[in-house]
Amino acid sequence: GRVFANSGDSACVIGLRKKVVAFSPVTELKKVTDFEHRLPQEQWWLNLRLMLKMLANYQISLTEYISGTMEHVTRRTLSIEKGF
């Protein structure tokens, strides 16, 4: 048979974009991909490495720590110990 690919949506890739399954035309992926290293230009998951190491009980250096904002907690947690 014959294949007609005369629009930008003719070749698409299925992937996740902000928690939503989305079809991305290959022409759009060209803008956000580093083809030399075969990686996306924005690697959002690299910021999670330190937190993942903390959760896995790795020995970490806090000089690498990237500070963030914390919300004020007004509700006390339930605890068996007195004074909490």
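Structure notes:
- Binned Cα-Cα distance frequencies in region 12-64 - 10 Å width, integer %: 19, 36, 24, 18, 2
- Residues whose amide H falls under 5 Å from that of THR33, counting only those 5 or more places apart or on a different chain, are GLN41, with hydrogens built in the peptide plane.
- When only Cα pairs below 8 angstrom with a gap of at least 6 residues are kept, region 12-64 shows a relative contact order of 17 percent.
- For region 16-31, 3J(HN,Hα) computed residue by residue from phi via the Karplus equation (6.51, -1.76, 1.60; θ = phi - 60°) reads 9, 9, 6, 6, 10, 6, 9, 8, 10, x, 4, 5, 6, 5, 4, 6 Hz, glycine and proline entered as x.
Every number in this text was worked out from the coordinates using simple rules, so none of it is lab data. This one's a predicted model, so the numbers in the text were calculated from it and none came from an experiment.
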